[in-house]
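Peer 1: Structure below; questions to follow.
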Amino acid sequence: MNKIIELKNINKIYKTKVEEIHVLKDISLTFNKGDFVSIQGKSGSGKTSLLNIVGLLDEPTNGEIIIHGEKVDYKNENMKNIIRNEKIGFVFQFHYLLNEFTALENVMMPSLINKNMTHEKAKKKAKELLSLVNLSNRTKHKPMELSGGEKQRVAIARAMMNDPDIILADEPTGNLDTETSNIINDLFIKINKERQQSIIIVTHSLELANLAKYKYKIENGKFNMILPTIKL
Ligand SMILES: Nc1ncnc2c1ncn2[C@@H]1O[C@H](COP(=O)(O)OP(=O)(O)OP(=O)(O)O)[C@@H](O)[C@H]1O
Ligand SMILES: [Mg+2]
């Protein structure tokens, strides 16, 4: 099936003691296999809120999410866990690697949690993924012994460990200098092109946003597609 995730009339309203913030207003979107989607928007516009909903880390106030044709049932913890572990890979602004484990072990972690392959197979695959992100020479390093860009590349390899349908990346280069950001951006482009890995990326990098197949901007709670400029 081509459709991976469908959002139907998603609203997100945060209720605090003093006010209600209507962050996402009636958003309907479809993400297909192989898509490379970029999301831009001002700070506080709702980008992280949206990714958290797509990644089932948070519930919408109302609306539906359909993953592989199946409507997500928020009361079904088991269903949500399976989708989060097997279908979605996360890369955050801060890497969230486990400090006491090596790069290799961190990449293996999703499969160790999932128990979907033997330890040996997981190790082999994690090594391949570290090679894909050009870190074959850092497999035994712990996060503290890696640079910011290297940590982020480990996080990308980890996100790919369970062959997710989609990778959700929330400002993955937000903490990195331009040169390192370019390396990470190129890596996302490479895994999209070579492996047809679907990616939704929140980015402030216009360069990366422009390389995406679909470009969106969140403004006033609405999701607007930025159409390519036609050169005459
Ligand atoms: N748990 C919460 N409770 C109340 N308000 C929240 C909560 N989480 C986020 N908000 C508010 O919702 C709005 C959207 O937040 P969100 O984190 O989605 O923005 P963002 O676009 O990711 O911003 P940034 O670029 O700064 O990361 C913000 O105004 C924020 O203050
Ligand atoms: Mg954010």
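What follows draws every value from the coordinates through simple rules; no lab data is involved. All values derive from a computational prediction rather than experimental measurement. All Cβ positions, glycine included, derive from the backbone under ideal geometry; neighbour counts span all protein chains shown.
Peer 1: Straight-line reach from LYS42: which aspartates and glutamates have Cα under 18 Å away, leaving out those fewer than 8 places along the same chain?
Peer 2: Straight-line reach from LYS42, under 18 Å: ASP170, GLU171, GLU207, GLU219.
Peer 1: Right, another one. Could you size up the charge dipole of region 75-128 around its Cα centre, putting +1 on the beta carbon of Lys and Arg and -1 on that of Asp and Glu, and report it in debye to the nearest 20?
Peer 2: Charge dipole, region 75-128, about its Cα centre: 240 debye, nearest 20.
Peer 1: Same structure, new question: With n ≥ 4 as the cut-off for DSSP H runs, can you work out [θ] at 222 nm for the chain, using -39500 (n - 2.57) per run divided by the number of residues, rounded to the nearest 500? Before the final figure, lay out the partial values.
Peer 2: Values: 7 runs with 81 residues, N = 232.
Theoretical 222 nm ellipticity from helices: -10500 deg cm²/dmol.
Peer 1: Helix 148-160: angle to the longest alpha-carbon principal axis of the chain, degrees 0 to 90, nearest 10?
Peer 2: 80 degrees
Peer 1: Translational D (Stokes-Einstein, µm²/s) of the chain at 10 °C and 1.306 mPa s when Rh comes from the Kirkwood sum over C-alpha pairs?
Peer 2: 87 µm²/s
Peer 1: Related question: Taking the chain as the reference, fit the longest principal axis to its C-alpha atoms, fit the long axis of helix 178-195 to the helix C-alpha atoms, and give the angle between the two in degrees, 0 to 90, nearest 10.
Peer 2: Tilt relative to the chain: about 90 degrees.
Peer 1: For the pairs LYS3/LYS47; LYS3/LYS115; LYS140/LYS215, note any where the Cα-Cα span goes beyond 30 Å. Can you show the working numbers first?
Peer 2: Working: LYS3/LYS47 21 Å; LYS3/LYS115 27 Å; LYS140/LYS215 38 Å.
Too far apart for the 30 Å limit: LYS140/LYS215.
Peer 1: All other residues with a Cβ under 15 Å from the Cβ of GLU64 taken together, and with Lys, Arg as +1 and Asp, Glu as -1, what is their net charge? Each step should come with its number before you reach the end.
Peer 2: Details: positive: LYS3, LYS8, LYS12, LYS71, LYS75, LYS80; negative: GLU6, ASP26, ASP58, GLU59, GLU70, ASP73.
So the environment of GLU64 carries a net charge of 0.
Peer 1: Oh, and also: Hey, got the dipole for the chain? About the Cα centre, +1 on K and R Cβ, -1 on D and E Cβ, debye to the nearest 20? Write out the running numbers ahead of the final one.
Peer 2: Numbers: 34 positive and 28 negative charges, 71 e Å.
Around 340 debye, computed over the chain.
Peer 1: Could you run the Karplus curve 6.51 cos²θ - 1.76 cosθ + 1.60 with θ = phi - 60° over region 97-102 and give me ³J(HN,Hα) per residue in whole Hz, x for Gly and Pro?
Peer 2: Running phi through 6.51 cos²θ - 1.76 cosθ + 1.60 with θ = phi - 60° gives 7, 8, 5, 8, 10, 6 Hz.
Peer 1: Using amide H atoms built in the peptide plane, which far-off residues or other-chain residues are under 5 Å from GLN197 H to H?
Peer 2: ASN192
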